[in-house]
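These notes are about the structure you will find just below.
Readers should treat all values here as calculations from the given coordinates under stated rules, not as data from a laboratory. Everything numeric in this text was worked out from a predicted model, so none of it was measured. Glycine gets a Cβ as well: all are built from the backbone with ideal geometry, and neighbour counts include every protein chain shown.
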Amino acid sequence: MEEDYKTQYGLVGYPLGHSLSPLMHNAAFEALEVDALYKLFPLEEEELEGFFKDLKDEFSPIFGLNVTVPYKEKVVQYLDNVDPLVDKIKAVNTILINDERKLIGYNTDAPGFLAHLSEIGFKSEDKNVAILGAGGAARAIVSVLCLIVERPKTIKLYDIDKGKADLLIKDIGEMINVDIVETVNSIDDLNIELADLLINATPIGMKEDDPCLVDEGLLHSDMLVYDLIYNPAETELLRMAREKGAQVSNGLGMLYYQGVLAFQHWAGQEIDQNIKNIMREALEKGLGL
Ligand code: NAP
């Protein structure tokens with residue numbers, strides 16, 4: 001029974017649909033024999049302020065949260081403190097609620113993406129990057145690629161709404177040097193045929209009948225195609241890229257690393273590799289892999 005758990009963690013967003021995060025975090029709690037439960041908090045916008053106010057209550061059972069669309073930027077106003085990376089990216093996907101009920105915000109999407117790039121052996125220094133979509137995920141990815149020492153040579157960013165891409169770059173550009181980023185008017189201007197790394201940061205590809213945004217003829221064997229989508233495990237874009245001989249990756253690795261980093265913020269310490277493996281296996285099992 002849910003009420004039997006003393007401590008709760010969870011995911012705030014709307015709508016939440018099917019999330020793999022509970023599987024990953026509850027597997028870790030179980031393996032560590034921690035009496036805690038990770039659950040979903042699907043909150044409509046008008047419920048958000050009250051929810052965050054209640055987190056301050058000394059009897060609240062909630063000690064950690066993840067945040068997803070559409071609230072990653074909105075929740076910053078409710079926090080007592082944020083990690084320096086959040087000051088730059090201006091988006092939070094992880095919140096720690098400490099014993100004094102202070103809310104501390106982190107972004108683990110950005111280092112999670114980098115950790116996975118490193119795992120698959122992609123070196124971004126001096127590379128040409130093309131990104132589809134300028135939402136929350138692209139915000140974290142563009143920011144972190146601009147912040148690292150091994151910066152790409154160029155980042156081209158396309159969104160169906162160019163104004164949104166321009167606003168994103170203007171916003172993060174207040175704290176981050178975005179001189180390598182160019183927002184483009186059309187998908188053709190992404191120069192995908194010249195890209196070393198193509199990232200799909202749109203939700204297009206999640207539904208079975210979704211079109212592939214990219215012309216197959218532009219994909220080539222000298223590129224990494226990274227689709228942030230992990231369900232399905234192989235989108236049409238990834239299938240086409242694989243057939244063209246490109247290196248491919250779905251978003252499961254990023255989900256895993258951001259989850260591990262979030263868990264470590266809540267735990268206040270690094271977790272053992274065997275627990276990390278259990279988290280990854282839970283994700284893979286959840287996807288039927
Ligand atoms: P988001 O904030 O909704 O951003 C998606 C952006 O793509 C929006 O600006 C959207 O525009 C734009 N877009 C939609 N259709 C497009 C098209 N045909 N051409 C160009 N741009 C288009 O979502 P998000 O949070 O960034 O997430 C994006 C995807 O990444 C989702 O599939 C999500 O599940 C995935 N994700 C994965 C991870 C992971 O750990 N693997 C983490 C975060 C997100 P409109 O708003 O006008 O539709």
Against the longest principal axis of the chain, how steep is helix 109-119, in degrees 0 to 90 to the nearest 10, with axes from Cα atoms?
60
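For each of 149, 129, 76, count neighbouring Cβ atoms within 10 Å of the residue's Cβ, then give the residues from fewest to most.
Numbers: 149 5, 129 25, 76 17.
Ranked by crowding around the Cβ, least crowded first: 149, 76, 129.
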Enumerate the calculated ³J(HN,Hα) couplings along the stretch 125-137 in order (Karplus 6.51 cos²θ - 1.76 cosθ + 1.60, θ = phi - 60°), each rounded to whole Hz, writing x wherever the residue is Gly or Pro.
4, 6, 8, 9, 10, 10, 10, 9, x, 10, x, x, 5
Dipole axis of the chain (+1 Lys, Arg; -1 Asp, Glu on Cβ), positive-most option in 121, 138, 59
121
Pull up the cross-link candidates among the aspartates and glutamates for residue 88, meaning alpha carbon to alpha carbon under 14 Å and not fewer than 8 places away within one chain.
73, 109, 171, 174
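With r defined as the distance between the Cβ atoms of residue 273 and residue 39 and R0 fixed at 45 Å, what FRET efficiency is calculated, to the nearest 0.05?
Efficiency computed from Cβ-Cβ geometry: 0.95.
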Expressed as an acute angle from 0 to 90° and rounded to the nearest 10, what is the orientation of the C-alpha long axis of helix 45-54 relative to the principal long axis of the chain?
40
Using DSSP to define loop residues, name the GluC sites (Glu not before Pro) in the stretch 242-289 whose beta-carbon has at most 16 other beta-carbon atoms within 10 Å.
270
Over 29 Å between alpha carbons, listed pairs 39/162; 127/244; 72/162; 39/74; 39/127; 6/53
39/162; 39/127
Loop-resident trypsin sites (Lys or Arg not before Pro) in the stretch 206-289 with no more than 11 other Cβ atoms inside 10 Å, DSSP not H/G/I/E/B, are 207
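Counting other Cβ atoms within 10 Å, keep those with at most 15, restrict to DSSP loop, and tell me which GluC sites (Glu not before Pro) in the stretch 145-205 are left. Walk me through the numbers on the way to the answer.
Numbers: sites: 150, 174, 182, 193; in loops: 150, 174.
Answer in residue order: 150, 174.
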Tally the DSSP beta bridges in the chain and give the antiparallel ones as a percent, rounded to 5.
20
Stretch gain in nm, segment residue 175-residue 7, where the contour uses 0.36 nm per residue and the Cα spacing is subtracted:
56.9 nm
Dividing the helical contributions, -39500 (n - 2.57) per DSSP H run of n ≥ 4, by the residues of the chain yields a 222 nm value, nearest 500 deg cm²/dmol, of -10500 deg cm²/dmol
To the nearest 10 degrees, how steep is helix 273-286 against the longest Cα principal axis of the chain, on a 0 to 90 scale?
70
Working out 0.36 nm times the residue gap between residue 49 and residue 74, then minus their Cα-Cα distance, what length gain in nm do you get to one decimal?
8.0 nm
Under a crude label model (7 Å from the Cα following the beta-carbon direction), how far is residue 58 from residue 126 in nanometres?
6.0
Step through the residues of the stretch 169-182 one at a time and calculate ³J(HN,Hα) from phi using the Karplus curve (6.51 cos²θ - 1.76 cosθ + 1.60, θ = phi - 60°), rounding each to whole Hz and writing x for Gly and Pro.
5, 5, 5, 6, x, 5, 10, 10, 6, 9, 5, 8, 9, 10
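Applying 1/(1 + (r/R0)^6) with R0 = 30 Å to the Cβ-Cβ distance of residue 100 and residue 150, what FRET efficiency is obtained, to the nearest 0.05? It would help to have the intermediate numbers written out before the result.
Values: r = 38 Å, r/R0 = 1.28.
Calculated transfer efficiency: 0.20.
Compute the length gained on full extension between residue 32 and residue 207: take 0.36 nm times their separation in residues and subtract their Cα-Cα distance, giving the result in nm to one decimal.
Once the chain is fully extended between residue 32 and residue 207, it gains 59.4 nm.
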Using each residue's phi in the stretch 27-44, evaluate 6.51 cos²θ - 1.76 cosθ + 1.60 at θ = phi - 60° and report the 3J(HN,Hα) Karplus result to the nearest Hz, with x for Gly and Pro.
5, 5, 4, 5, 5, 8, 6, 9, 7, 9, 9, 9, 9, 9, 10, x, 10, 6
Point-to-point label distance, residue 18-residue 189, nm (Cα→Cβ direction, 7 Å offset):
3.8
